[in-house]
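Data first, discussion second: the structure below is written as structure tokens.
The values are calculated or read from the model by the stated rules, or taken from the named source; none is laboratory data. None of these values were measured; they are calculated from a predicted model. No Cβ is skipped: glycine too gets one built from the backbone with ideal geometry, and neighbour counts run over all protein chains shown. The accessibility values were calculated without ligands, DNA or RNA, using every heavy atom of the protein model including side chains. Shrake-Rupley method; radii C 1.70, N 1.55, O 1.52, S 1.80 Å.
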Amino acid sequence: MIAFTIPVRFPGMNEFIAATNRNRYEGAHMKKRWTDLVAWWAKALRVPRFETPVEVTFNWTEPNRRRDRDNVAAASKFVLDGLVLAGVLPNDTARWVRNVRHEFPEPDRSSVGLTVVIEGAE
């Protein structure tokens, strides 16, 4: 098991859709920017490579309760793609990522961010 934290507030689905609606390239640019950010964090934190299927838990810490949970959790696409880009996961298909969980601890303005927990699948 490995856990690491990315101390930033990810854009939600609403922000992604708004970017895509403003300009057809802006949504693609947003996805690339956030995917690259996750890959950079994974490399900087030396997250090890997994060679077997995994289960991933996302702990989303928001500053308040304004955003819907499904809106926030949509950013998991950026995270999984970033982990593949960094070489942490061979792929993010169902063969390699067996289960995904989303947890939402109490809002906390002082520790906004995402903690990713990756465990080997049983």
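Determine, yes or no, whether Glu62 is in contact (Cβ under 8 Å) with a residue 40 or more places away in the chain, acidic (Asp, Glu) and out of contact with any Leu (no Cβ under 6 Å at 6 or more places or on another chain).
yes
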In segment 3-44, what count of residues is obtained for those that are over 30 Å from Gly120 (Cβ atoms) and hydrophobic (A, V, I, L, M, F, W, C)? 6
Which of (1) β-branched (Val, Ile, Thr); (2) more than 15 Å from Phe58 (Cα to Cα); (3) surrounded by fewer than 16 Cβ atoms within 10 Å (Cβ to Cβ) does Thr5 not meet, given it meets every other one? (2)
If we take segment 13-122, then helices (runs of 4 or more DSSP H) inside it with 1 or more residues that are over 20 Å from Ala3 (Cβ atoms), open to solvent by 50 Å² or more (accessible area, probe 1.4 Å) and of a type in the set (A, V, I, L, M) are 13-22, 26-44
